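What follows is calculated from the coordinates using simple rules that are stated; it is not laboratory data. Note that the structure is a prediction, hence the values are computed from the model and not measured. With ideal geometry, Cβ positions are generated from the backbone for all residues, glycine too; neighbour counts draw on all protein chains shown.
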Amino acid sequence: MEWLKCELNFQTHGQALYPITDAINQQIRTWQIWEGMCHLFIQHTSASLMINESFDPTARMDMEQFLLTLAPANQVWYRHTIEGDDDSPSHLKAMIMPVDLSIPIDDGRLSLGTWQGIYLCEHRKLRQQRTILVRCMKIS
């Protein structure tokens with residue numbers, strides 16, 4: 001077994017779900033991993049990771065709207081607003097969503113289901129630079 005690691009950086013452009021499956025699969029191809037395990041970890045408190053429907057774009061739209069509805073900005077009870085009206089809501093969303101994922105690798109790619117994809121979930125309104133740690137165990 002071999003342990004491979006890197007950081008992938010993504011530029012976001014506001015609150016949205018950003019598909020990153022292709023970028024992860026590209027890294028797996030670069031490393032020539034045919035069988036193993038991939039672990040992803042996002043190093044931020046106002047963003048998260050998610051596996052969900054990735055085929056129909058309306059599903060992504062509904063998920064984005066759900067997150068906005070779940071923790072809307074400008075609630076009177078928010079105290080943590082140092083960085084703006086999206087400060088508390090972004091942390092609340094990240095609190096209930098995963099910051100790490102583990103996905104098996106088979107035949108040189110992530111073993112996701114037919115409709116599954118990986119998203120970087122940006123909870124901030126403004127452009128952000130996000131870093132995801134990628135750690136893969138390669139079974140020789």
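A few remarks follow.
- Computed extension length for residue 81-residue 96: 3.5 nm, one decimal, from 0.36 nm per residue of separation with the Cα-Cα distance subtracted.
- Compared with the direct C-alpha span, the chain from residue 41 to residue 56 gains 2.8 nm at full extension, assuming 0.36 nm per residue.
- Choice from 122, 83, 35 showing the highest fluctuation, given a GNM over the chain with Cα pairs closer than 10 Å: 83
- Centre separation in Å (Cα based) which lies between the stretch 77-140 and the stretch 37-61: 5 Å
- Point-to-point label distance, residue 27-residue 107, nm (Cα→Cβ direction, 7 Å offset): 2.3 nm
- Here, the stretch 2-138 is characterised by an Rg to Rh ratio of 1.01, where Rg is the alpha-carbon radius of gyration and Rh the Kirkwood radius.
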